[in-house]
Amino acid sequence: MGAAALSVAPGMLSKRLWADEPIVPDHSRDNMTDEQEIELGKQFGEQYEKEVSIVSNSMIDDYLGGMVRELAARSQRPNMPYYIKLVNTMDVNACSIPGGGVYLNRGLLELLGSEDELAATLAHEIGHVVGRHVVNQMARSFQARQMLKPVLENLNKDNGVVQQIILKLGGAVAMIAMLHFSREDEAQADLLGFYECLRAGWDPHGFVKEF
Ligand SMILES: [Zn+2]
């Protein structure tokens, strides 16, 4: 490693991440309870997995699942039912859904150069759950089509209505693609993830290359 690389990395890090960990609100914008968020995530995840192909490999699942558990346990919202699944697509992307599900695309996994970068990616997605960005944005998507009320009313009824609404809005993959996180949300997810990585023992310099 040359001297230039050594002098650049800490500079970038301090410029981008010279900030305390943000304290996240303890409720969602629409006062959705954690239980409602978890149930929405369950139904949304079911629909999402009908639309994509999941890679099922116990070694990969254990490895990624272990990382997500480590990071989430050291987040400000450790009690959500986090999980991770690997999606068999070369699209370079990852996303999280309400309740703590994380979907990592193979295309992104294969691009990452180190475990620290992978930890940074996962921690950022967990950060969107911790900051309630994903549940808030999804509630807005439903609200924009006057669908939030029927979603909340049918969450625990197991009658297929929530899935029908998701399909009416274009499907789970399309809904995720249309979520618009603000720059503040992205910066907060970075910072939350940075501190999750730090506490879980991964080098948060993974963030410098990633973002
Ligand atoms: Zn993000």
- Message: Please verify whether Gln137 is crowded, with 20+ Cβ neighbours inside 10 Å, part of a helix (DSSP H, G or I) and not aliphatic (A, V, I, L, M), treating the condition exactly as stated.
- Response: yes
- List the number of the failed condition for Gln137; all other conditions in (1) away from the ligand (no atom under 11 Å from the Cβ); (2) within 21 Å of the chain's Cα centre (by Cα) hold. (1)
- Message: For the range 1-90, give me every one of the helices (runs of 4 or more DSSP H) that falls completely inside it and has 2 or more residues that are modelled with pLDDT of 95 or more and not hydrophobic (A, V, I, L, M, F, W, C).
- Response: 34-51, 58-73
- Residues that are assigned to a helix (DSSP H, G or I) and over 13 Å from Gln36 (Cβ atoms), drawn from the range 143-166: Gln143, Ala144, Pro150, Val161, Gln163, Gln164, Ile165, Ile166
- Item | Output for the range 79-117, where each listed residue is away from the ligand (no atom under 15 Å from the Cβ), among the aliphatic types (A, V, I, L, M) and over 18 Å from Asp185 (Cβ atoms) | Ile84, Leu86, Val87, Met90, Leu109, Leu111, Leu112
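Counting just the residues of the range 181-200 that are more than 11 Å from the ligand (Cβ to nearest atom) and either of a type in the set (Ser, Thr, Tyr) or touching a residue at least 60 places away in the same chain (Cβ under 8 Å) (or both), which one comes out surrounded by the most Cβ atoms within 10 Å (Cβ to Cβ)?
Glu196
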- Query: Quick one: in the range 98-112, which of the residues that are more than 9 Å from Leu86 (Cα to Cα) and among the aliphatic types (A, V, I, L, M) is surrounded by the most Cβ atoms within 10 Å (Cβ to Cβ)?
  - Reply: Leu108
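The values are calculated or read from the model by the stated rules, or taken from the named source; none is laboratory data. What you see is a predicted model, and the numbers here were worked out from it, not measured in a lab. Glycine also receives a Cβ, built like all others from the backbone with ideal geometry; neighbour counts cover every protein chain displayed.
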